[in-house]
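The values are calculated or read from the model by the stated rules, or taken from the named source; none is laboratory data. Everything numeric in this text was worked out from a predicted model, so none of it was measured. Here the Cβ positions follow ideal geometry from the backbone for every residue, glycine too, while neighbour counts run over all protein chains shown. Protein only, heavy atoms only, side chains kept; ligands, DNA and RNA dropped before computing areas. Shrake-Rupley method; radii C 1.70, N 1.55, O 1.52, S 1.80 Å.
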Amino acid sequence: MIPKKLGVLKKECAIETVGDLLKWYPFRYVDRTRFYTIKEVSDELPLIQLVGRIEQVQLIGKDRAQRLRAVLKDQTGSIELVWFQGIKFVQDKLKPGVDFIVFGKPSLFQGTWNMPHPELEPYFPEKTLLAPKLQPVYPSTDAMKRAWLESKGLSSIINQVLRWSQGKIEETLPDSICSQLNLIPLEQAFRQIHQPKDATELQQAELRLKFDELFFLQLRLIQTNRYNKTAIKGFAFEKVGDYFNRFFAEFLPFELTNAQKRVIREIRIDVARPIQMNRLIQGDVGSGKTIVAFMTMLIAIDNGYQACLMAPTEILAQQHFEGLKGFAEALGLKMSILTGSVKKKARTVIHEELESGELHILIGTHALLEDKVIFKNLGFVVIDEQHRFGVAQRSRLWAKNILPPHVLIMSATPIPRTLAMTLYGDLDTSVIDELPPGRKPIQTKHIYDQDRIGVFEFMKQQVAIGRQIYVVYPLIEESEHLDYKNLVDGFDHLSAVFPAPQYHLSIVHGRLKSDEKEYEMQRFVKKQTQIMVATTVIEVGVNVPNASVMVIESAERFGLSQLHQLRGRVGRGADQSYCILMTSFKLSADARTRLKTMCQTNDGFEIAEVDLRLRGPGDLNGTQQSGTLDLKIADISKDAKLLSYCRDLAKTVIENDPELTLTENIRLRETLDSIARKNMNWGRIS
Ligand code: ADP
Ligand code: MG
């Protein structure tokens, strides 16, 4: 291949090796398995191919209006072929009396059928039988097209590569796995994905290549998980002591749900071993993750260690602190909060108490990560709202003791099972799949802007019976200025509809200083205001059980998981709660699906599944940075079954042969090694 093309491939698609090129899979196929007769031509047909004899070829018109016209005839009728461009080129090819295959989209013009700009190929019955019949279509950019690397050009290069690499492509799977699943050899799969003769060949190839992606991903994750569990030493918390037991017996304000009990048990088993725990708790908003975190921190303290909890925002850290302060005091434990806004003097005190061991629990934001924050004996780390922290940030907490502390990650964004398997396959996962008793499902309604008056009436009724209300405006960075204006306009409007002294409103947004924000939040928490007008700063964590109505403005601009998070701010008390999604009439199909899903279900996992389907895995929170989802052909939203199968198989393989040293597993080890070489920056998730 000429160097210029190589350069373009590298720049546009990161294709550097033969392997990369073979993995540049077609994104669709044009069906050329079937020939139509001219009589069958109708409006509904997509691209079709016809075979027939060329009858007349004539140039019509002059200069720029010039076009080339030919007639194609088969036993059933005739159709006109027309070209407006590249006339000279076609003219040379097109010979009257010769049989051609034409391929294109038929259209009706002034009562006769014609096919503008069809692809042309002389018809030789023997050769046509051999040619691939599902024609691959490759993704290609403008720069690629300029370098003759449009779909056709790529196809011909890939064909050359396929020919050249015959007999050179190393098989990655042991024969036993291939035969067990009826998988075709890898080399054959590459040929069949690029040049399938029919749908069966294509399916065989897809299955084999998807299997490779998912299986090796799982194999790698499970091996990492096993390595973490055997090689990464940690502190063994040998006992469950006084703090935990006293809290459980005397201070726990409610009965734990079975799911909470189960998860606490799972964590207890983990931390009792001299191996670092890496566990993810998945639980829907309001499922009660905080108390689980707190109680497991007590186990650390029972064993003479300190614990910390890191939250993504100051407001959240503050809420955790406020929520847990009472418990800590009751138990005689010292707990502090460290955020960016803690003044130097208070900060110094915290630093000292941490180092002396006086401080048992530290709650905070990423300020906890600073080097100056030195613990006497940190043993347990809780990370709330996992997706907001980067991998590198999190790993800095590890270095805060001689051995790495146990790590508990709490994810408030439910992730579909399949995605969890792929993203967090090397973490152990606990699920709180049960809400505390007595919660009434939130009622959600989609309402158009023009029916706003009814919404105001409803809000007034709710305030009259003592409830509080959130009104949320979108905040999207690119149009921050405009969003701010919307928020302020909205606030003015609401202030007019809900005038003082009968009503009081709070407003919170990103432009306020953190103490101003705090002041406004506190007014709302203390019920001094009935309506909180805010941007998405309240998205995570905020807990005001008396708030029972969530009004989301321009709801079409929010993603599903964000809508679900916002809705989770209400429905925290015993009262019936409501979520109202306000939009204009103009909505995209995806936006309609999002709104409909919200109205139909409160189940975060179900919502996450729809989100995954709508957006694809690459878009979900935190997945971009993780680098784990380098899937070219498998799609975790569609290939869930295959993924589970691969995971189970990978587990079995690693259980039987952890280091993959058996002869039968040599191909697996070599493949993993070569993936690792290509993927040097593959790191641990936490
Ligand atoms: P999240 O999982 O969203 O972080 P929280 O931990 O904030 O949820 O809990 C939500 C609310 O439910 C809190 O007010 C908490 O005190 C309460 N809660 C937690 N567990 C229970 C339980 N088992 N029974 C009753 N209320 C509970
Ligand atoms: Mg929470």
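Might you let me know whether region 376-394 holds any residue that is under 29 Å from L512 (Cβ atoms), out of contact with any helix residue (DSSP H, G or I) (no Cβ under 8 Å at 6 or more places or on another chain) and among the acidic types (D, E)? Checking region 376-394: not a single residue is under 29 Å from L512 (Cβ atoms), out of contact with any helix residue (DSSP H, G or I) (no Cβ under 8 Å at 6 or more places or on another chain) and among the acidic types (D, E). The residues of region 246-282 that are within 16 Å of ligand 2 (Cβ to nearest atom) and of a type in the set (S, T, N, Q), listed by number, are T257, Q260, Q282.
Conditions tested, residue by residue: (1) in contact with a strand residue (DSSP E or B) (Cβ under 9 Å, 6 or more places away or on another chain); (2) polar (S, T, N, Q); (3) open to solvent by 40 Å² or more (accessible area, probe 1.4 Å); (4) not in a strand (DSSP E or B).
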site	(1), (2), (3), (4)
L45	yes, no, no, yes
R64	no, no, yes, yes
S78	yes, yes, yes, no
Q91	yes, yes, yes, yes
G97	yes, no, yes, yes
W113	yes, no, yes, no
S140	no, yes, no, yes
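Please count how many residues of region 461-501 are of a type outside the set (S, T, Y), open to solvent by 60 Å² or more (accessible area, probe 1.4 Å) and either in contact with a helix residue (DSSP H, G or I) (Cβ under 9 Å, 6 or more places away or on another chain) or assigned to a helix (DSSP H, G or I) (or both). Total meeting the criteria: 14. Scanning region 502-540 for residues that are within 16 Å of ligand 1 (Cβ to nearest atom) and touching a helix residue (DSSP H, G or I) at 6+ places or on another chain (Cβ under 6 Å) yields E539, V540.
Among the residues making up region 142-152, those that are surrounded by 16 or more Cβ atoms within 10 Å (Cβ to Cβ) and part of a helix (DSSP H, G or I) are M144, S151.
Within region 292-314, being more than 18 Å from V263 (Cα to Cα) and within 13 Å of ligand 1 (Cβ to nearest atom) holds for A311, P312. Can you name the residue in region 540-557 that is more than 15 Å from ligand 2 (Cβ to nearest atom) and small (G, A, S) and is also surrounded by the fewest Cβ atoms within 10 Å (Cβ to Cβ) among such residues? Among them, the one singled out is S554. Scanning region 330-346 for residues that are at pLDDT 95 or above and touching a strand residue (DSSP E or B) at 6+ places or on another chain (Cβ under 8 Å) turns up L333, K334, M335, S336, I337, L338.
Candidates in region 256-266 are the residues that are in contact (Cβ under 8 Å) with a residue 24 or more places away in the chain and part of a helix (DSSP H, G or I); of these, the one that is nearest to ligand 1 (Cβ to nearest atom) is Q260. Only one of the listed residues (I447, I552) is in contact (Cβ under 8 Å) with a residue 40 or more places away in the chain and touching a Phe, Trp or Tyr at 6+ places or on another chain (Cβ under 8 Å). That residue is I552. Would you mention how many residues in region 211-255 are under 27 Å from P185 (Cα atoms) and either of a type in the set (A, V, I, L, M, F, W, C) or within 16 Å of ligand 1 (Cβ to nearest atom) (or both)? Of the residues in that region, 8 qualify.
Please go through region 562-585 and pick out each residue that is part of a loop (DSSP other than H, G, I, E, B) and of a type in the set (S, T, N, Q). Answer for region 562-585, where residues must be part of a loop (DSSP other than H, G, I, E, B) and of a type in the set (S, T, N, Q): Q576, S577, S584.
Here is the figure for region 306-323: residues that are surrounded by fewer than 21 Cβ atoms within 10 Å (Cβ to Cβ), closer than 29 Å to G241 by Cβ and not charged (D, E, K, R) total 1.
Touching a residue at least 40 places away in the same chain (Cβ under 8 Å), under 22 Å from L154 (Cβ atoms) and open to solvent by 50 Å² or more (accessible area, probe 1.4 Å) - does that describe any residue in region 122-134? Looking for residues that are touching a residue at least 40 places away in the same chain (Cβ under 8 Å), under 22 Å from L154 (Cβ atoms) and open to solvent by 50 Å² or more (accessible area, probe 1.4 Å), one finds at least one in region 122-134, hence yes.
So if I check each of D657, D611, which one is open to solvent by less than 80 Å² (accessible area, probe 1.4 Å), modelled with pLDDT of 90 or more and more than 15 Å from M421 (Cβ to Cβ)?
Being open to solvent by less than 80 Å² (accessible area, probe 1.4 Å), modelled with pLDDT of 90 or more and more than 15 Å from M421 (Cβ to Cβ) holds for just one of D657, D611, which is D657.
Only one of the listed residues (L419, L403) is of a type in the set (A, V, I, L, M), modelled with pLDDT under 95 and either touching a Leu at 6+ places or on another chain (Cβ under 8 Å) or part of a helix (DSSP H, G or I) (or both). That residue is L419. Scanning region 402-454 for residues that are more than 16 Å from ligand 1 (Cβ to nearest atom) and farther than 16 Å from E609 by Cα yields a total of 23. Looking across region 267-291, the residues that are of a type outside the set (S, T, Y), closer than 21 Å to T413 by Cα and either open to solvent by 60 Å² or more (accessible area, probe 1.4 Å) or within 16 Å of ligand 1 (Cβ to nearest atom) (or both) come down to I267, R279, L280, I281, Q282, G283, D284, V285, G286, G288, K289, I291. Kindly provide the set of residues from region 268-302 that are outside any loop (DSSP other than H, G, I, E, B), farther than 21 Å from L252 by Cα and not hydrophobic (A, V, I, L, M, F, W, C), ordered by number. The answer is D270, N278, R279, Q282.
Count of region 558-591 residues, restricted to those that are more than 16 Å from ligand 2 (Cβ to nearest atom) and under 20 Å from the mean Cα position of the chain (by Cα), is 7. For region 220-255, filtering for residues that are part of a loop (DSSP other than H, G, I, E, B) and either among the charged types (D, E, K, R) or open to solvent by less than 60 Å² (accessible area, probe 1.4 Å) (or both) leaves 11.
Taking G332, is it more than 16 Å from ligand 1 (Cβ to nearest atom) and either polar (S, T, N, Q) or without any contact (Cβ under 8 Å) to a residue 24 or more places away in the chain (or both)? Here the answer is yes, as G332 does meet what is asked.
Of all residues in region 1-39, those satisfying the criterion of being farther than 24 Å from L94 by Cα and open to solvent by 80 Å² or more (accessible area, probe 1.4 Å) are M1, I2, P3, K4, L6, K10, K11, E16, K23, F27, R28. Of all residues in region 279-293, those that are of a type in the set (S, T, Y) have Cβ atoms under 6 Å from Cβ atoms of residues that are in a loop (DSSP other than H, G, I, E, B) and more than 10 Å from ligand 2 (Cβ to nearest atom), 6 or more apart or on another chain, in S287/L435.
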